[in-house]
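Structure record follows, encoded as structure tokens.
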Amino acid sequence: MDQLLQHVLNAVVLGGTYALLGIGLTLIFGVMKVANFTHGELYTFGAYMAYLLIGPLGLNFFLGLLIAVLLGVLLGAVIEYVLLRPLQGAHMDTVMLVMIGAWIALQNLELLTWGGVAKSVPQPFPTEPLVIGSVSVAPLRIFVLLAALVLLAVFYLILNRTKFGIAIRATFQDPDVSSLMGVKINQMFTLTFAIGSGLAAAAGALLAPVFVVIPIMGDLVTLKAFAVVILGGLGNIVGATIGGFILALAEEFGAGYIDSGYRDAIGFILIILVLLLKPQGLFAPRERTG
Amino acid sequence: MTERNIALCLAAILAVLPFGVTNQYVLFTLTSAGILVIAAMSLNLLLGYAGQLSLGHVAFFGIGAYVSALFSLGFEFHYGAEEPIVVPALPVWIAFVLGICFAGVFGWIIGKLAFRVRGAFFVILTIGFAQVSRMVALNWVSLTNGPMALTNIPPLSFWLPGHGIVPIQGRMESYYVVLILGIIAYWILDRIVHSRVGRALVALRENEPLARSVGIRVTRYLVLATAISAAMAGGAGAMYAHYVRVIDPDVFMFIYTVTMVIMVMTGGKGTLLGPVVGGLIFGLLPELLRQLVRPELQLIIYGVAMILIVFFLPRGIVPALLKRPSSASNESKSARMNSEANT
């Protein structure tokens, strides 16, 4: 029972960041119909920026995280402007190939810049774990969870309560009609990609002090983000949030009770199952399945 | 010059090449490139003709490699508390055929499962399959030896009249075996593409609902194409295993699928010669670049090349060379109309 609670707690901490990743990806897919294979590289970029700012540059921990996220937003905007804008209206497979090319180029650029040796990010929290009843958790992980939850909440508020959010949701449903209603579609696309990328960079920056930072970590993250998105249904934001926690729980229990070697395979097995049994995702609304 | 004539010329040049080039390293590089060309040709059937972007193709290559290596080495199959099933070492050519068959069967199963979905779903599903394959190879240590790799894999051997069973060990012999396998693969694909099956695949690539409406059983043809393509990739993988004679779970790495995709795209997807041209370029380029730049930079070049090809040479080298200027403008017009119809 104690072990069970501990697994649940670990999963919830991880689930928050998975949800951030999934929301970013699903937003980009929903609005732009782009399968963003650079998502994991934005995550890696966020992690390296956090390392650079907090480690060698010696910035304040929280300020460093914030700047890392903003840089991720900026990189996302650049990618959209340079690679995706000229391809508007191109076939989805074409765009996918370009994103895969960008994925390889970015990853190896990171490898070239930082080398293959893992980096660790210093953190200001006490290393002594907090013991609550029978479970223990590092203070840093609590901070990661809280930060992820705050970001999720802010994202929902922006999407549901602001004019900008309405514009995004309108573009999501029908770009042509919303463009007739005066929404500047190109701006929306850039902003969407930038925000989605920023969420990925935030996940990377938050997890950087928890794990270590290596260039190839983006590979698994991209695929896990897709797993989260498929669990929730492509383009379904609430679904992606829940999907993030489900994937984390499945991984944590799979690793804890079955075989830790297959931890990273669990996401794919989930994807395969979902695609076979309920391809529209677990939380698809009844009517809109397109 | 038609595509078939160019292919014949190319085969003739490659056949006499070892008489002029005696450098062992060059032969080794060409043989490795040849194995990748076969893999790229198999991917082209799916990507170029059926229009399905499979990003898990390396899984079939790896399965072919592992199955053929295991059967030629002999292995024990542990499945719980009971005595393991002991499979003795089989003659290498039987193992080679088994590698092809296993890969084909996996292709058939994956096709059956994956073609319920299309587009991004299909891509993710195939990537997922390759990742799971890699993790099985990594973690099923009692069978695959995990990260310690399978070593001492025997070389490929064939029965020759008058000589008995001859192992293929020298650089020159391997070169010719790969060349012959490549020609066989090309011939099989040529037959398929110009048959009913090939036309059905192209029809559904161009317009799936229309193909369906005239009675083409889309899923059946897609599954068939995947199985054939997988078997061929498995053959390339088995050849690789017996040529390099050591394999580890890294054969499943995503970058190899990407390399195959780049080969097909650069050469020209949907043309028989495309993967051969693209495969030779990207099979030999790394060897040339190796002396000049670091591997990371080489991969950056790959990624950038992929983006540039999509932007500036979307149909690949071979179609750009084969088409006469007058018909090319018609082609591009119809291609543009197609892309508009697709959006």
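The values are calculated or read from the model by the stated rules, or taken from the named source; none is laboratory data. These figures come from a predicted structure and were not determined experimentally. Neighbour counts run over all protein chains shown; Cβ positions are idealised from the backbone, glycine included.
Side notes on the structure shown:
Residue-by-condition table, conditions (1) at pLDDT below 90; (2) surrounded by fewer than 20 Cβ atoms within 10 Å (Cβ to Cβ); (3) on the phi < 0 side of the Ramachandran plot:
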site: A:Phe37; (1), (2), (3): yes, no, yes
site: A:Gly40; (1), (2), (3): no, no, yes
site: A:Thr44; (1), (2), (3): no, no, yes
site: A:Tyr51; (1), (2), (3): no, no, yes
site: A:Ile54; (1), (2), (3): yes, no, yes
site: A:Leu59; (1), (2), (3): yes, yes, yes
site: A:Leu75; (1), (2), (3): no, no, yes
site: A:Asp93; (1), (2), (3): yes, yes, yes
site: A:Gly101; (1), (2), (3): yes, no, yes
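Listed here are the residues, each with its yes/no results for (1) under 21 Å from A:Phe211 (Cβ atoms); (2) in contact (Cβ under 8 Å) with a residue 12 or more places away in the chain; (3) basic (Lys, Arg).
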{"position": "A:Leu70", "(1), (2), (3)": "no, yes, no"}
{"position": "A:Pro86", "(1), (2), (3)": "no, no, no"}
{"position": "A:Gly101", "(1), (2), (3)": "no, no, no"}
{"position": "A:Gly116", "(1), (2), (3)": "yes, yes, no"}
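- Residue check for B:Leu30: in contact (Cβ under 8 Å) with a residue 12 or more places away in the chain and assigned to a helix (DSSP H, G or I): yes
- Unique residue being within 14 Å of chain B (Cβ to nearest Cβ), of a type in the set (Lys, Arg) and surrounded by fewer than 18 Cβ atoms within 10 Å (Cβ to Cβ) when the list is A:Lys224, A:Lys278: A:Lys278
- Of everything listed in (1) in contact with a helix residue (DSSP H, G or I) (Cβ under 9 Å, 6 or more places away or on another chain); (2) away from every other protein chain (no Cβ under 14 Å); (3) under 27 Å from B:Ile124 (Cα atoms), the single unmet condition for A:Ile166 is (3).
- Count of the range B:299-317 residues which are surrounded by fewer than 19 Cβ atoms within 10 Å (Cβ to Cβ) and more than 8 Å from chain A (Cβ to nearest Cβ): 4
- Residue check, B:Val37 at pLDDT 90 or above, more than 14 Å from every other protein chain (Cβ to nearest Cβ), within 12 Å of the chain's Cα centre (by Cα) and part of a helix (DSSP H, G or I): yes
- Selected residue (criterion: farthest from B:Leu46 (Cα to Cα)) from residues of the range B:270-296 that are in contact (Cβ under 8 Å) with a residue 40 or more places away in the chain and surrounded by fewer than 20 Cβ atoms within 10 Å (Cβ to Cβ): B:Glu287
- Among the residues of the range A:136-194, those that are in a helix (DSSP H, G or I) and charged (D, E, K, R) comprise A:Arg141, A:Arg161, A:Lys163, A:Arg169, A:Asp176.
- There is no residue in the range B:204-217 that is out of contact with any strand residue (DSSP E or B) (no Cβ under 8 Å at 6 or more places or on another chain) and closer than 23 Å to B:Cys9 by Cβ.
- Any chance A:Ser120 is more than 21 Å from the chain's Cα centre (by Cα), hydroxyl-bearing (Ser, Thr, Tyr) and closer than 30 Å to A:Ile54 by Cα: no
- Only a single criterion out of (1) within 14 Å of chain B (Cβ to nearest Cβ); (2) more than 30 Å from B:Ser54 (Cβ to Cβ); (3) part of a helix (DSSP H, G or I) is not satisfied by A:Val117, namely (3).
- Test: residue in the range B:72-82 that is touching a Ser or Thr at 6+ places or on another chain (Cβ under 7 Å), modelled with pLDDT under 80 and within 14 Å of chain A (Cβ to nearest Cβ): no
- Qualifying residue in the range A:234-248 (condition: in a helix (DSSP H, G or I), within 25 Å of B:Met253 (Cα to Cα) and more than 14 Å from chain B (Cβ to nearest Cβ)): yes
- Qualifying positions in the range A:7-58 - free of Cβ contacts under 8 Å to residues at least 24 places away in the same chain and either assigned to a helix (DSSP H, G or I) or in contact with a Ser or Thr (Cβ under 8 Å, 6 or more places away or on another chain) (or both): A:Leu52, A:Leu53
- Only listed residue being within 12 Å of another protein chain (Cβ to nearest Cβ) and surrounded by fewer than 18 Cβ atoms within 10 Å (Cβ to Cβ), chosen from B:Pro154, B:Pro147: B:Pro147
- Contact annotation: residue pairs with Cβ atoms under 9 Å, 6 or more positions apart or on different chains, pairing a residue in the range B:114-135 that is more than 7 Å from every other protein chain (Cβ to nearest Cβ) with a partner that is acidic (Asp, Glu), are B:Arg118/B:Glu208; B:Arg134/B:Asp250.
- Taken over the range A:77-91, residues that are exposed (fewer than 14 other Cβ atoms within 10 Å of the Cβ) and aromatic (Phe, Trp, Tyr) amount to 0.
- Boolean, A:Leu159 is within 14 Å of chain B (Cβ to nearest Cβ) and of a type outside the set (S, T, N, Q): no
- Residue in the range B:160-167 that is of a type in the set (Gly, Ala, Ser) and in a helix (DSSP H, G or I) present: no
- In the set (1) within 20 Å of B:Gly235 (Cβ to Cβ); (2) under 21 Å from the mean Cα position of the chain (by Cα); (3) among the small types (Gly, Ala, Ser), B:Gly128 fails one condition alone, (1).
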